[in-house]
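The values are calculated or read from the model by the stated rules, or taken from the named source; none is laboratory data. Note that the structure is a prediction, hence the values are computed from the model and not measured. Don't worry about glycine lacking a Cβ; one is built from the backbone with ideal geometry, like all the others, and counts go over all protein chains shown.
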Amino acid sequence: MPKLKLISFKICPFVQRSVILLKEKGIDYDIEFINPYEPPEWFRKISPTGKVPVLLVDDKPLFESAVINEYLDEVYPPSLHPKDPFKKAQNRAWMEYASPMYMSFFNMIMTKDKSEGDKVKDEFVQQLTGLEKVATNKPWFNGDIFSMVDISAAPVFTRLDFLKKQFDLDLLDGLENLQGWSQALISRPSVAESIVEDFDALMLARLKDNDSWIVD
């Protein structure tokens, strides 16, 4: 098997998705954390987008978390996608649905003005409500089988859990399907272990540095 090294940022949700998959499959890998806002020159050379994660496969770079995870799922069986082609396509569609939610969350917590923050929060809750309508199985998106779509959504719930713990802001209030899914995901070892130990402190520092409305 190739030698793997993941280039990461400690609080990046897209990196977390790749870490969850690596841990779920028990894949051996190294990890190196960088500051993506002041990236080293060597990183600029291997990341066409300037973003993390980048996975070095025998020192050859692979970028974009969704692509990285598809590669890992294909190379390290068994696949965490459904076998049925249509069901797999449906799962991938909801994985695509989940991806923009990370930017919505980021915009919500980084906004300085409360009225603007409330507006973005309402838009984000609408995205959650759309997911609530299809997350009707238990404990995972596809029922008893943990899959790639669970991994894709997991960092959303770890961040919502952070807001609930730190600010008593529960955006899953009234969304019973997502509450159950969130609890199952947060409790899963691969998800719990994908979060760095100082995650909450780093998130709080980021909010304070940006003068977020949530901190006021």
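The table for this structure:
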{"read-out": "Any chance residue 89 is at pLDDT 95 or above, buried (at least 19 other Cβ atoms within 10 Å of the Cβ) and assigned by TED's automatic domain parsing to the domain that holds residue 190", "value": "no"}
{"read-out": "Number of the condition not met by residue 100 [criteria: (1) within 27 Å of residue 177 (Cβ to Cβ); (2) surrounded by fewer than 12 Cβ atoms within 10 Å (Cβ to Cβ); (3) free of Cβ contacts under 8 Å to residues at least 24 places away in the same chain]", "value": "(3)"}
{"read-out": "Selection status of residue 52, outside any loop (DSSP other than H, G, I, E, B), β-branched (Val, Ile, Thr) and surrounded by 15 or more Cβ atoms within 10 Å (Cβ to Cβ)", "value": "no"}
{"read-out": "From the options 195, 145, 151, residue that is among the β-branched types (Val, Ile, Thr), at pLDDT 95 or above and part of a helix (DSSP H, G or I)", "value": "151"}
{"read-out": "Matching entry among 27, 46, 68 (being within 16 Å of the chain's Cα centre (by Cα) and either among the hydrophobic types (A, V, I, L, M, F, W, C) or closer than 24 Å to residue 202 by Cα (or both))", "value": "68"}
